[in-house]
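The values are calculated or read from the model by the stated rules, or taken from the named source; none is laboratory data. Since the model is a prediction, treat every value here as computed from it, not as a measurement. Every residue, glycine among them, receives a Cβ derived from its backbone with ideal geometry; neighbour counts consider all protein chains shown. Only protein heavy atoms, including side chains, enter the accessible area calculation; ligands, DNA and RNA are left aside. Shrake-Rupley method; radii C 1.70, N 1.55, O 1.52, S 1.80 Å.
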Amino acid sequence: MELVFPFKNIIINKLWEFYDKELVKDFSDSKFGTDSWKEEHINDKIEIWKDLLPSFENEILQTINTTDQKTIDNYFSTLAADLKYLKDCTNREYFIDKITEWNSETYKRYSETVEKESEEYAKQENRKKNI
């Protein structure tokens, strides 16, 4: 039977939300002052994450006090690996690559929309008339 540590998983997944495209955009917009509600949205996300920390701490204490050494080692090695991966992603190059990727996706969707709507516009009956 494999043990599941819900608060460790929740904390890591909630932390990953800060790497999400929409939240990065909201953060950027809030720093440039384009939308004041976005800063409040980000602060709410941070508060939710902080509110989960006591439960995470209790899970750590419970794991240490009620399990064997193998489980404790497994818990902290997986936690360390997750945090190392997050730390590796917390750099300028990661976000530049992600933003470039997100911009490419947006441009591709925009180009497809322009092409589709241009074709529809050209097919309209009033476009076939000679001037």
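Contact annotation: residue pairs with Cβ atoms under 7 Å, 6 or more positions apart or on different chains, pairing a residue in region 66-92 that is more than 17 Å from Glu17 (Cα to Cα) with a partner that is open to solvent by 50 Å² or more (accessible area, probe 1.4 Å) and not in a loop (DSSP other than H, G, I, E, B), are Ile72/Ile64. Across region 14-27, the number of residues qualifying as part of a helix (DSSP H, G or I) and open to solvent by 70 Å² or more (accessible area, probe 1.4 Å) comes to 4. The conditions of being within 30 Å of Ile99 (Cβ to Cβ), open to solvent by less than 60 Å² (accessible area, probe 1.4 Å) and of a type in the set (Gly, Ala, Ser) are met by Ser30. Annotation: Ser36 fulfils all but one of (1) out of contact with any Lys or Arg (no Cβ under 8 Å at 6 or more places or on another chain); (2) under 26 Å from Leu79 (Cβ atoms); (3) open to solvent by 40 Å² or more (accessible area, probe 1.4 Å); the unmet one is (2).
The condition (being open to solvent by 70 Å² or more (accessible area, probe 1.4 Å), among the aromatic types (Phe, Trp, Tyr), modelled with pLDDT of 85 or more and over 15 Å from the mean Cα position of the chain (by Cα)) is satisfied by just one residue among Tyr75, Tyr110, Tyr85: Tyr110.
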